[in-house]
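Heads up, the thing below is written out as structure tokens.
The values are calculated or read from the model by the stated rules, or taken from the named source; none is laboratory data. Quantities reported herein were computed from a predicted structural model and do not represent experimental measurements. When we count neighbours, we look across all protein chains shown, and the Cβ atoms used for this are built from the backbone with ideal geometry, even at glycine.
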Amino acid sequence: MEVERVQAISKLSMSINTIPYEFIRSENEQPAITTVHGEILEVPTIDLNDPDEEKLVSLIAKAGSEWGLFQIVNHGIPSEVINNLQKVGKEFFELPQEEKEVYAKPQGSKTVEGYGTQLQRELEGKKGWVDHLFHRIWPPSVINDRFWPMKPPSYREANEQYTIYLRKVADKLFKWLSLGLGLEEDAMKAAIGGDDLEYLLKINYYPPCPLPDLVLGVVAHTDMSTLTLLVPNEVPGLQVSRDGQWYDVKYIPNALIVHISDQIEIFSNGKYKAVLHRSTVNKDTTRMSWPVFLEPPSDQVIGPHPKLTGNGTLAKYKSKKYGEYVYCKLNKIPQ
Ligand code: OGA
Ligand code: NI
């Protein structure tokens, strides 16, 4: 079966200046009428170079509990490494269609890995204006070469370099988020899988859309994993929900966008909030983003940390294996 990629739909849509009906959102989702404009309220930006570690811990803890999302600057990943990651990803998506299809997610495959377009339609039968490529980047034991593009030739090197630096950032964030809960610095990382934590890279490719006010890229959701560390390109589009309203996340060159995801909300017994977010698309430019989902191994059991419950504080979440959590979420079964 031939799958229609949004990249191809975009080309046709741009020439006839209209889009297929299944991409048009109902009014309560359309970005133009559901986004707060001209608000001063802004997602926190945190400078990781601050020598005052206590201050950093409290800024991160506050951002994690009030927004569930923050940007980090001076994170230690050289801009050249980020630029290369972006360059090779863009080059992959600009390959002729048949060269990308070599990496297509096989039909009926159990893993998310591969090049693709969301096949399963959402409630109301709507589709997102986005194509993607998924593959794991760490640890080496879970890497599946089959889904790493051979073109451009520097794809592998650029992704490996990024992974080296990204792991250091992730470890610092787990430490500070743990301290922010009053726990030992290694408590969080140990509980979510320690060195077995899996790094799943996704590249989102949002081609131009003649009617961007009526569509969404990725529909409102929280990420399932622990943390998501995202590099965007210069085209804004990520939005976060706070107090029932949608806000644009401003583009800061070289910043990384940190999302608190479901497993950290659970581990923290609700002190940190998994951020509800979505993405919008652009009229004449392509937006791209590179989120990395930090996923516990499938049989890792995650629940509220024992020190955060007891003494009259109830556990607000069940403890369960990450794999079961994912199964329930994807199949819309209550957790
Ligand atoms: C996602 C996501 C947002 C973005 O892929 O899970 O939320 O900015 N992407 O592309
Ligand atoms: Ni997301």
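Out of 236, 210, which single residue is over 21 Å from residue 270 (Cβ atoms) and in contact with a helix residue (DSSP H, G or I) (Cβ under 9 Å, 6 or more places away or on another chain)? Explain how you work it out, then say what you get.
Details: 236 fails: in contact with a helix residue (DSSP H, G or I) (Cβ under 9 Å, 6 or more places away or on another chain).
Only one candidate qualifies: 210.
When you check residue 334 against the structure, is it more than 14 Å from ligand 2 (Cβ to nearest atom), of a type outside the set (Asp, Glu) and within 17 Å of the chain's Cα centre (by Cα), yes or no?
Criteria not met by residue 334.
All but one of (1) among the hydrophobic types (A, V, I, L, M, F, W, C); (2) more than 29 Å from residue 147 (Cβ to Cβ); (3) within 16 Å of ligand 2 (Cβ to nearest atom) hold for residue 181; state the number of the condition that does not hold.
Unmet for residue 181, out of (1) among the hydrophobic types (A, V, I, L, M, F, W, C); (2) more than 29 Å from residue 147 (Cβ to Cβ); (3) within 16 Å of ligand 2 (Cβ to nearest atom): (3).
Of all strands (runs of 3 or more DSSP E) completely enclosed by the stretch 62-165, which ones contain at least 3 residues that are surrounded by 15 or more Cβ atoms within 10 Å (Cβ to Cβ) and either aliphatic (A, V, I, L, M) or modelled with pLDDT of 95 or more (or both)? Steps first, please.
Working: elements: 69-73, 114-117, 131-138.
Hits in the stretch 62-165: 69-73, 131-138.
Would you be able to tell me the number of residues in the stretch 225-244 that are within 11 Å of ligand 2 (Cβ to nearest atom) and either surrounded by fewer than 19 Cβ atoms within 10 Å (Cβ to Cβ) or under 24 Å from residue 76 (Cβ atoms) (or both)?
The total comes to 4.
If you go through the stretch 188-210 one residue at a time, how many are surrounded by fewer than 19 Cβ atoms within 10 Å (Cβ to Cβ) and either free of Cβ contacts under 8 Å to residues at least 24 places away in the same chain or part of a helix (DSSP H, G or I) (or both)?
4
Pull out all pairs, ordered by first then second residue, where Cβ-Cβ is under 7 Å, the residues are six or more apart or on different chains, the first lies in the stretch 211-231 and is near ligand 1 (Cβ under 10 Å from one of its atoms) and outside any helix (DSSP H, G or I), and the second is modelled with pLDDT under 95 and basic (Lys, Arg).
Hits for this filter: 224/329.
Test of understanding: among 52, 47, which residue is surrounded by fewer than 18 Cβ atoms within 10 Å (Cβ to Cβ) and touching a strand residue (DSSP E or B) at 6+ places or on another chain (Cβ under 7 Å)?
Answer to the check: 47.
In the stretch 49-96, how many are under 21 Å from the mean Cα position of the chain (by Cα) and more than 16 Å from residue 258 (Cα to Cα)? I'd like the intermediate steps shown before the answer.
First, pick out the residues of the stretch 49-96 that are under 21 Å from the mean Cα position of the chain (by Cα): 60-79, 81-93.
From what is left, the residues that are more than 16 Å from residue 258 (Cα to Cα) are 78-79, 81, 83-93.
Adding up the residues that qualify gives 14.
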